[in-house]
Every structure is written in C-alpha cells, then in structure tokens.
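Written below as structure tokens is the structure these notes are about.
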Amino acid sequence: MRMMRTSFLAHSQDHHWRYSSLSPSPRRPVIAGNWKMYKTLADTEAFFAALGPHLSGVTQCDIVIAPPFTALRRAAELANEIGIAVSAQDLHWEREGAFTGAISAGMIRDAGCRHTLIGHSERRQLFGETDESVNKKIRAALLAGLGPIVCIGETLAEREGGQTEAVLERQLTQGLSGLTEDEFSPIMIAYEPVWAIGTGRTATPEIAQQAHAYIRQGIGRLVSDGAAEKARILYGGSVKPDNIRGLMAQPDLDGALVGGASLDANSFAAIIRYERSEAQ
Ligand code: PEP
C-alpha cells in the first residue's frame, strides 16, 4: 500500500493544507491510456485481446483507455469484459444541435463510456480549447454522468519564465469555476506539462510531486480540504514502464495518463503492473 509521506507543505496565500503523517493514501491509483488519433476497430480488438491476459490478478488500480470516437462503442464492450473503463478524448458542451463534427456527452455515455478527457494540451494548442470551454465541457460531462479527466499543464516557455504556478492556478480556477464539492467529486485532474508530452522528456518525480502538491492545494482553496484530500491527480508526459515506479512513489501522484506507451498492450500492461515488477 502506498503511504503518504510526512509533508507540511509551504503554502502560498492564506490556505493551510497538511497531510497526516504516514497515514495510508485514501486514493485508489488510476492508469489511463490516451490513444489520440491512433487505432482502427481491428487495432482496437487486437489491443484488448492482448491486454486481457496481462490483467489477471490486477486489482490495485483503476484502468481507463481513451480510444478515438470511432472505436468507443467496441472498446467499451471489450473493456467491460475485462473489468476496465473507457473514456472519450473530448466532447462538445451542448446536448445536441447543429454542430457538425461534434459529439455530445450523452452520445459518449450512450457508447458505453464512463469518462472523458477534457482540456488536453493538444486540444488547447491545436483546436482552440480555452479554460472557459473546459468549464462548459466539465458541466456537460457531469450532467451526462461522465467522470471528467481534466488536463492542465504549462508549456516549456511558461516553466522557463517562472509561470508554472500561475498557469496551473489559472487553469484550475477558471476550469473548475463554480463547481460544488459534490460536483467536483467524480473529477480527476491530469497534470501534463506540455514539454513532457510525446517528447520522451519526463518530469522528474520531484518536479511532478511539486506540481501535484500545488494542484492539490489549489483544489483545497477552490473546492474544499476534503475534496483536495480525495482528488485523484494523474501525471502525464512520456510515462514509460521504466519511469512509472519513481513517479508513483510520490505522495501526491495518484496515477498516470499515458499516451505513446498506451498504444502497445505489453508496455501499457507493464505500466499497470509496476508494483509487481518492483516485488520481483
Ligand atoms: C498524452 O497524450 O496525454 C501523453 C501524456 O502522451 P505521452 O505519454 O506520449 O507523452
């Protein structure tokens, strides 16, 4: 079982967050895969056929796969057979209407999904996603019964310019604006520094921990201390079988959002089974 380390975090502003010393983490880990614009239906079937046998005896974490829209329904059927969940990668905030090319939260739920990514940096950088649209999408997802996985993170220029905390603060404040504690409870946050996505350049466990602790403090300020303690915060950015263990050892890191390494069933399974490889 992962234990929280003793940690009395220095706090900006007036909110004081502290962890109890060496109490068991109340948060169940999550390993999620984001397939981006990869995999046909045949590829999806082959992936699930290959992943299934790796999962026997795996009970220590929740597993989520986010395929492209075209594979959602089939993936949801196959995922159900092996006890894991499926997520969309994006959605439109309206329930229905004249929005050519868009997919609503209800349609995603209807396809058998339990989650949706929201605000991935590729959506922010390439498709005009804003903190305001992230907020609208979170509300739409919650209304449809989907658990949002909300992605935030700074660019390299922002990190080098000392803007990391300001960027995270803005993305959290505007993205989560107006949510009650109950509304927040199904939400997971994925901290994905843009400079680490698809670059092979992972954040060190220490850098990731610093950002995760800051995000948890932010949730405490914006929602409540209880919400912050329960919030599952995933790290994303070049997670691989050989770096997952160091990341997961961090007290505020509750799982991973995996892009490239989730495309191959063997490497995704090795990430899921990181605790077992440690024991061997
Ligand atoms: C992602 O797409 O969310 C991601 C983290 O990608 P990668 O693991 O390939 O860096």
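The values are calculated or read from the model by the stated rules, or taken from the named source; none is laboratory data. Being a predicted model, the structure only gives us computed values, none of them experimental. Cβ: placed from backbone, ideal geometry, glycine included. Neighbour counts: every protein chain shown. Just so you know, the surface numbers come from the protein's heavy atoms only, side chains and all, with ligands and any DNA or RNA stripped out. Shrake-Rupley method; radii C 1.70, N 1.55, O 1.52, S 1.80 Å.
Quick notes on this one:
- Within the accessible area of the chain (1.4 Å probe), percent carbon and sulfur: 52
- In this structure the chain gives 45 Å² per residue of accessible area when probed at 1.4 Å with all protein chains present.
- DSSP-assigned coil residues among GluC sites (Glu not before Pro) in segment 60-127, each with at most 11 further Cβ atoms within 10 Å: 96
- Environment charge of residue 140, counting only residues whose C-beta is closer than 10 Å and scoring Lys/Arg +1, Asp/Glu -1: +3
- Anchor residue 39: lysines whose Cα lies under 21 Å away (excluding residues fewer than 8 positions away in-chain): 240
- The chain - percent relative contact order, Cα under 8 Å, separation 6 or more: 20
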